[in-house]
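Below: the structure, in structure tokens.
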Amino acid sequence: MSASGQTAHAGPGRVNWRRFAVIMVPATALAGVLVALTASSVLAVSFSISGTPFTVTANSLKGQGFEQLTVLDRSVINDLPGNNNKIVLEDDAIRSATISHLCLSVAVAGVTMIITAGDGSTPATGSYLQVDANRLSGNAAFSHINIGQDASTVTEVPGITGPAGGFAMQADTVSIDNLREHAYATTAGSFTLPGFGLHFGGSC
């Protein structure tokens, strides 16, 4: 994980970052990571991704049980960066989450489609939420965080682990304000979207 700005401790077992960025593998190491993940069949989602990225924003996200793992996603055709059908991403998994002022934007046939939810007094909620992304930013706070844990031993989101020897992090809780995420796939055990809206044109 990389962070800019000062790191501050907000009590025992708690860490705040004024600005937070997703853990990403250096470009020079991507080829080796790709081979290793392919060999170990580490797939975060059970479907082939479309290859079309989307942007997710939220005023705030609060989660119980957080994990971050490096994963390999695949598309049916070679429409991922580098004309490839595989891409290395970070899988951000949360056991249960509440999300206020959620907005998703994606380009569909040259037009931007916007989905919004949780704008009122009732936030959007999700369980066993997984987002495969290559960019994530916001003002983040974690409690009881482990960075550099073996990916096969994470326990905060039951059933979601990585390969033995893989790099991972986990935390009891996560809170991110001014969330912005550039992602390729999302899955959830449940996803409740009060005040759901969909329209074309505009931006998040």
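Going by what's in this entry, would residue 30 be described as over 18 Å from residue 139 (Cα atoms), modelled with pLDDT under 80, in contact with a Lys or Arg (Cβ under 7 Å, 6 or more places away or on another chain) and surrounded by 14 or more Cβ atoms within 10 Å (Cβ to Cβ)?
Values: over 18 Å from residue 139 (Cα atoms): yes; modelled with pLDDT under 80: yes; in contact with a Lys or Arg (Cβ under 7 Å, 6 or more places away or on another chain): no; surrounded by 14 or more Cβ atoms within 10 Å (Cβ to Cβ): yes.
Answer is no for this residue.
Yes/no matrix, rows are residues, columns are (1) modelled with pLDDT under 95; (2) over 12 Å from residue 67 (Cβ atoms); (3) of a type in the set (Gly, Ala, Ser):
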site: 97; (1), (2), (3): no, yes, yes
site: 107; (1), (2), (3): yes, yes, yes
site: 123; (1), (2), (3): no, yes, no
site: 134; (1), (2), (3): yes, yes, no
site: 138; (1), (2), (3): no, yes, yes
site: 143; (1), (2), (3): no, yes, yes
site: 163; (1), (2), (3): yes, yes, no
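Are there strands (runs of 3 or more DSSP E) fully within segment 104-204 with at least 2 residues that are crowded, with 21+ Cβ neighbours inside 10 Å? List them. Break it down stepwise before answering.
On the way: elements: 111-117, 124-150, 167-187, 190-192, 197-200.
Qualifying strands (runs of 3 or more DSSP E): 124-150, 167-187.
A quick yes/no check of all residues on (1) charged (D, E, K, R); (2) under 23 Å from residue 52 (Cα atoms); (3) under 14 Å from the mean Cα position of the chain (by Cα):
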| site | (1), (2), (3) |
| --- | --- |
| 97 | no, no, yes |
| 119 | yes, no, no |
| 123 | no, no, no |
| 136 | no, yes, yes |
| 157 | no, no, yes |
| 180 | yes, yes, yes |
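The values are calculated or read from the model by the stated rules, or taken from the named source; none is laboratory data. Remember, predicted model here, so these are calculated numbers, not experimental data. Ideal geometry is used to build each Cβ from the backbone, glycine not excepted, and the neighbour counts take in all protein chains shown.
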